[in-house]
1. Which FRET efficiency, nearest 0.05, do Leu45 and His71 yield, Cβ-Cβ r, R0 41 Å?
2. Which FRET efficiency value, to the nearest 0.05, do you get for Arg310 and Trp192 by plugging their Cβ-Cβ distance into 1/(1 + (r/R0)^6) with R0 = 22 Å?
3. Between Leu100 and Lys151, what is the spin-label point distance in nm, taking each point 7 Å from the Cα along the Cα→C-beta axis?
4. Skipping prolines and chain starts, which residues have an amide H placed within reach, meaning under 5 Å, of the one on Gly220, given they are 5 or more residues away or on another chain?
5. For Phe30 and Ala261, FRET efficiency with R0 = 35 Å and r from the beta-carbon atoms, rounded to 0.05?
6. Would you list Arg310, Arg135 from the most to the least accessible area, probe 1.4 Å?
Amino acid sequence: MSERHDDDDDENNIDNAFSSQENNCLKILFNSLVLFSRNKRIFSLIFALTVLPLSFLRFSLSFSCHATKNHIYSLEALAGYALTRFESQHVREESRANALSLLRLKFLYFPPSYLLSLVAAITTVNSAHSAVHNRRFTLQSAIASVKLTWKRPLATTICIYVVLVLYSQLFFVSAAVTGNNSLSTVPTVFVWAVGSVLQVHLMAVLGLALVVSVLEDRFGFDAVRVGAGMMEGRMVCGWFLSFWFALMSGLIGWGWEKLMAAMMDGEDFWKGNKWTVVMGSWEKVGLICLHGIEVVWSYVVTTVFYCEYRKRHVSTNENDSNVFTV
């Protein structure tokens, strides 16, 4: 009887922990919206000056690459059906030339996009942190925060890109190995399921690492280590928040791809000014703005998650010290 009673207590504790984390996730999302409403001016300025141009650059890059990427896919498929080796080699050379052109275009967009992304992260995180602690944060404060802290997030983002590249290579190699066998449906599904869960977890950790590098004197893999430590004991909440924004970003990207495909298939795209056609639709403008809002909201939510952790951690340490003193 006692063993059965202990098992029931353990199950109840686990259920209570999950329900507590679910409530905490909703609380974090709600508090982030409250911060928006109470600090509309500074968040609007950050959105207009950094995040909206960043969103426009990202979508314009996607638009500029869309036709070239489709052409590369067509050439690679055509090379497989070429009658002679000479024809196949000629098609692949044209495909490589288009790929290099695409790479040069991405390098052209990278400096302004990265600069805006870095400034947006620093200003949004500092603004949200000040709002949580009821401190006034102005445009002058935002500019000062960028000057003071840009080196730490710069180093951390480099480490974040390294981690993401290593993960993507490992994931695609694992998917390719399991997919080579025609009887490997179950292993392939398993790899994709585990990879998706790890990716959500990784995005949560790396997001926290960026916030840590902005608000604390930590950077690089040290900030990533601290971010991973913050996920311990709050895994469900961190996964939920990370999945929520990954889902939002995926739906926005899917909507943009649908619009690009429909627009380029239409005759109007090829008759007039392409950029007029791109920006001439409320759906496209709405997606650009929605992506910008999602970026700001994700930074604010991650900062609130960070502040909640630090508040609990300080409170726990104070209680432990009081018990020790007594």
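1. Details: r = 40 Å, r/R0 = 0.99.
The value I calculate is 0.50.
2. Values: r = 35 Å, r/R0 = 1.60.
Taking R0 as 22 Å, the efficiency between Arg310 and Trp192 is 0.05.
3. In this crude spin-label approximation the distance works out to 3.9 nm.
4. Distant-sequence amide H within range of Gly220: Thr156.
5. Details: r = 37 Å, r/R0 = 1.05.
Here the calculated transfer efficiency is 0.40.
6. Details: Arg310 60, Arg135 120 Å².
I get Arg135, Arg310, largest accessible area first.
The values are calculated or read from the model by the stated rules, or taken from the named source; none is laboratory data. Keep in mind that this is a model prediction, so the values were computed, not measured. In this analysis, Cβ positions are derived from the backbone assuming ideal geometry, glycine residues included, and neighbour counts consider all displayed protein chains. Heavy atoms of the whole protein, side chains included, go into the accessibility calculation; ligands, DNA and RNA do not. Shrake-Rupley method; radii C 1.70, N 1.55, O 1.52, S 1.80 Å.
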